[in-house]
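Working notes for the structure below.
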Amino acid sequence: MRKLRGTQTAAIVAALTAVAVLPTSAQAVDSGLPGLTATTETPALYGDDAGGNADADDPAIWRNTADPDASLVISTAKEGGLRVYDLAGKEVQSIPAPPAPTPDDKPGRFNNVDLVSGFPLPTGRADVAVVTDRGRDHLRIYRITPGAARPLTDITDPNAPLVFSKTLDEVNDQTTPYGLATWTDKATGRSYAVVSRRSRTRLALLELRTTSTGAVTYRQVRTYDLPASFTLPDGTSWTPCTDPGDLAQVEGMVVDPVNKVLYAGHEDVGIWRMPADLGGKPKLIDKVREYGVPATYDEATEECVTGADPGYGGTHLSADVEGLTILDEGSGDGYLLASSQGDNTFAAYDREVSDDNEYESGTVDGSEECDGAAVLNAPLGSRYPNGLLVVQDGHNTPDERDEDGEVRDNTDFKFVDLAKVTRALDD
């Protein structure tokens, strides 16, 4: 992610660490936030040619109801495709992203993943994983087969339409699917994906549909464009600083199925709440600290240089707002968790819309530069009887060097016993 300069500061609070690695950062201690130690972590992914340009991004937790110990974590690795892990963090399946059709085209790039339970297929209902392919402007759908050596099978309709583009040139411009949240309307039984558009503020509602051949496709129901500019309390207009030609985008999203609301993390703005069917106006329930701060893009440094903070931002989130996930405590209770990437923490909000998603004081330290997160409050066998939180770590350590002595940046996913999280939130 592009860094801001000037008045912005970013505390590096790396308290969510691998098993047997203790938080030693003085900033983590000084922050006053409860630090959590992960139970395990997945193998490192490397974003260079030798590593297949794999970059950990977004996880989803699938529960095997017949055998909770055999539950899985399904995750995206961008150009590295998909990775499937068991609860010990061991890789059980790797699925490559589609290659580029020609040398001049972009290859597949899997950005976000979410799950749909009990999706109707000709052979019966099945759980499926839905993935945004940012590289090729598609959704990809995978059937999950419990107990199989290779649990994910691609069942995407080969004739599925492009999500946002109309031409191949537009696909290669990469204003394509980015963030993702799935949900099922219990009244109709229909399943949907809400998809955000990279470098734009647009959201699209797509209905997932089964074809006569048993493949899965989708159709666009409607779109909604979030604001790109904002009127500040002093009457001036503010537009978040981005790369030239881009708008402040949305990635982290989650649907609360009980309340049928979508929460969308507008990276440089804050968190929006709106109807999951995109049929109503959104409400900005919290702002990032940098909201309203003037900034100018510097072409020489390819960074945004910030001015004086007018004080219109929030106090809980530092840009970018990234992974959003619902910690379900039943009967509509629980929390909305949001990754505050700028200061490497997680913010928690009351799930209840009637309480206007009140901010909870039990914020916890997170992994560094966390993009995606997923939580499941359900027993997952002997390893995680209290449930599981999975977070992406955007700066995994220790560093590894290639044969030329250059550092190979690497990423991975950390698994955290949910009991540790709930204790931190309750303290």
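The set of residues in segment 47-72 being at pLDDT 95 or above and farther than 20 Å from Asp133 by Cβ consists of Ile61, Arg63, Asn64, Thr65, Ala66, Asp67, Pro68, Asp69, Ala70, Ser71, Leu72. Across segment 374-425, the number of residues qualifying as crowded, with 17+ Cβ neighbours inside 10 Å, under 28 Å from Tyr46 (Cβ atoms) and among the small types (Gly, Ala, Ser) comes to 2.
Of all residues in segment 206-225, those satisfying the criterion of being hydrophobic (A, V, I, L, M, F, W, C) and surrounded by 21 or more Cβ atoms within 10 Å (Cβ to Cβ) are Leu206, Leu208, Val216. Among the residues making up segment 71-91, a single one is open to solvent by 40 Å² or more (accessible area, probe 1.4 Å) and either over 22 Å from the mean Cα position of the chain (by Cα) or under 20 Å from Asn172 (Cβ atoms) (or both): Glu79.
Any chance you could count how many residues in segment 305-323 are in contact with a Leu (Cβ under 9 Å, 6 or more places away or on another chain) and either at pLDDT below 95 or β-branched (Val, Ile, Thr) (or both)?
Within segment 305-323, the first condition is being in contact with a Leu (Cβ under 9 Å, 6 or more places away or on another chain), and the residues that meet it are 305-306, 310, 312, 319, 323.
With the extra rule that they be either at pLDDT below 95 or β-branched (Val, Ile, Thr) (or both), the set shrinks to 305-306, 319, 323.
The qualifying residues number 4.
The condition (being of a type in the set (Gly, Ala, Ser), under 17 Å from Thr153 (Cβ atoms) and in contact (Cβ under 8 Å) with a residue 12 or more places away in the chain) is satisfied by just one residue among Ala97, Ala88, Ala77: Ala97.
Collect the residues in segment 209-224 that are part of a strand (DSSP E or B) and more than 30 Å from Asp268 (Cβ to Cβ), keeping them in residue-number order. Result: Arg209, Thr210, Val216, Thr217, Arg219.
Here is a list: Pro294, Pro257. Which entry is touching a strand residue (DSSP E or B) at 6+ places or on another chain (Cβ under 9 Å) and at pLDDT below 95? Even if it seems obvious, please write down each step before you answer.
On the way: Pro294 fails: at pLDDT below 95.
One residue alone meets the criteria, Pro257.
Tallying residues that are farther than 22 Å from Asp105 by Cβ and outside any strand (DSSP E or B) within segment 174-195 yields 6.
This table checks each residue for (1) more than 24 Å from Ala60 (Cβ to Cβ); (2) open to solvent by 60 Å² or more (accessible area, probe 1.4 Å); (3) touching a residue at least 60 places away in the same chain (Cβ under 8 Å); (4) touching a His at 6+ places or on another chain (Cβ under 7 Å).
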residue: Pro227; (1), (2), (3), (4): yes, no, no, no
residue: Leu247; (1), (2), (3), (4): yes, yes, no, no
residue: Met253; (1), (2), (3), (4): no, no, yes, no
residue: Gly280; (1), (2), (3), (4): yes, no, no, no
residue: Glu290; (1), (2), (3), (4): yes, no, yes, no
residue: Thr296; (1), (2), (3), (4): yes, yes, no, no
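Only strands (runs of 3 or more DSSP E) whose full extent lies in segment 286-339 are considered here, and the ones with at least 3 residues that are under 20 Å from Ser196 (Cβ atoms) are 321-328.
The single residue among Thr42, Thr65, Thr102 that is of a type in the set (Ser, Thr, Tyr) and open to solvent by less than 50 Å² (accessible area, probe 1.4 Å) turns out to be Thr42. Of all the residues in segment 36-56, those that are assigned to a strand (DSSP E or B) and within 30 Å of Asn386 (Cβ to Cβ) number 4.
For segment 260-268, check the following and say yes or no: at least one residue is within 30 Å of Thr123 (Cβ to Cβ), open to solvent by 10 Å² or more (accessible area, probe 1.4 Å) and in contact with a strand residue (DSSP E or B) (Cβ under 8 Å, 6 or more places away or on another chain). Yes, there is a match, as at least one residue in segment 260-268 is within 30 Å of Thr123 (Cβ to Cβ), open to solvent by 10 Å² or more (accessible area, probe 1.4 Å) and in contact with a strand residue (DSSP E or B) (Cβ under 8 Å, 6 or more places away or on another chain). Residue-level check: of (1) open to solvent by 60 Å² or more (accessible area, probe 1.4 Å); (2) among the charged types (D, E, K, R); (3) in contact (Cβ under 8 Å) with a residue 12 or more places away in the chain, Glu322 misses just (1).
The values are calculated or read from the model by the stated rules, or taken from the named source; none is laboratory data. The structure displayed is predicted, hence computed values, not measured ones. Glycine gets a Cβ as well: all are built from the backbone with ideal geometry, and neighbour counts include every protein chain shown. Side chains included, ligands, DNA and RNA excluded: accessible areas come from the protein's heavy atoms. Shrake-Rupley method; radii C 1.70, N 1.55, O 1.52, S 1.80 Å.
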